[in-house]
Amino acid sequence: MKLFNKPSLTSPLRAHIGAQVGQRLAANPAMHHVVIPGVQVYYHDDYLDAACCKRLIGLIDTNRRPSTLLSDRPEENFRTSESCDMDRWSPDVRPIDESIAMLLGLDPLYGETMQGQRYAPGQQFRAHHDYFFHTESYWERVRQDGGQRTWTAMVYLNDVEEGGATWFPQAGIRIAPKRGLLLAWNNMSADGSPNQLTLHEGMPVIKGVKYVITKWFREDRWIKG
C-alpha cells in the first residue's frame, strides 16, 4: 500500500515573515496595533491622501470587471463586487504599490498585482480567508507562483454612507470604511500555519459605493526573473 504524506501546514519561513513584519509595524509610530490574541492586525490612518484616493477610484471605475474566485466550486452570490487589476508599473500605481511593500518591509517582487474593488449597494464578499487551501485544485498552480499568501494590506479609498464594513467574526473586530485608512493583517499563525481567525467578510453596502485597494503578499516571489 502506497502512503502519501499530508503536507505540513506549519512553516518556519512564514513564521519568520510574520515575526519580522510584526516587529517592523510595531516600531512604526504611525501604525496602531489591534490587540487580539492569536492574530496580528494593524492599521494606519490617512495612509493615502484624498487626491491619491480619487485617482485610484478613477482607475477602478475605468477598468472594473466582475470579481472572480480561485475556487472551481464557487458559491452563487459569494463575491458580487467588481474588481480592477492595477498596472503595477504605471506612475499612478507604482509608488503606492512599492510604498505598501516598504511599510511592511517586504520585497515588492513578493507582492501580487494590486487589485481595486468596487462595491455598489447590496454587493458583498462573504466570509472567506485570503490564504490558500492545499486541498483545492488551484494549490499546485499557486505553489509555482510564489506559494502561500502571508500578509494582506487593504486601503479604503472613500467613506461609505452606510454598510460595507470589513468584519472579522472570529477575531471579533469590525472596521468601517474610512478614506485613506490602511488595514494590514497576517494570514498566518505564529507557527506559519494558516490562521483561521483571519476569516473576514466585506459586508454588504447599504448606501453609497465602497472603493478599496488590496495588496496580497506571497512567501516567495510573485514576479520571477
* To the nearest 20 debye, what charge dipole does the chain have about its Cα centre, counting +1 at the Cβ of each Lys and Arg and -1 at the Cβ of each Asp and Glu? -> 260
* Structure fact -> For the chain, the charge dipole (Cβ of Lys, Arg +1; Cβ of Asp, Glu -1; about the Cα centre) points to a positive end, and the Cα of Trp167, Pro194, Pro204 closest to that extreme belongs to Pro194
* Given the options Arg141, Arg94, Arg174, which has the most mean-square fluctuation in a GNM of the chain, springs set between C-alpha atoms less than 10 angstrom apart? -> Arg141
* Structure fact -> Kirkwood Rh for the chain from C-alpha pairs, in Å, is 18.0
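If you take all C-alpha pairs in the range 134-200, what percent of them are over 19 Å apart?
47
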* Asked: Using a Gaussian network for the chain with springs between C-alpha atoms less than 10 Å apart, which of these wobbles most: Ser90, Ser81, Ser189?
  -> Ser90
* Under 13 Å from the Cβ of Ala30, count the other residues' Cβ atoms, weight Lys and Arg +1, Asp and Glu -1, and hand me the total. => -1
* Running Debye on the range 1-127 with equal point scatterers at the Cα sites and no solvent, what base-10 log of I(q)/I(0) appears at q = 0.17, 0.20, 0.22 Å⁻¹? -> -1.20, -1.32, -1.32
* **the chain: calculated mean residue ellipticity at 222 nm from DSSP helix runs of at least 4, using -39500 (n - 2.57)** => -6500 deg cm²/dmol
* Between Ile173 and residues 5 or more places away or on another chain, which pairs have amide H atoms under 5 Å apart, with H built 1.01 Å from N, and which residues are they? -> Phe168
* Which of Leu103, Gly122, Val41 sits farthest toward the positive end of the charge dipole of the range 32-218, with +1 on the Cβ of Lys and Arg and -1 on the Cβ of Asp and Glu? -> Gly122
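A short reminder: the numbers here are calculations on the coordinates, not readings from a lab. As the structure is a computational prediction, the values presented were derived from the model and not from experiment. Virtual Cβ from ideal backbone geometry, glycine too; neighbours counted across all protein chains shown.
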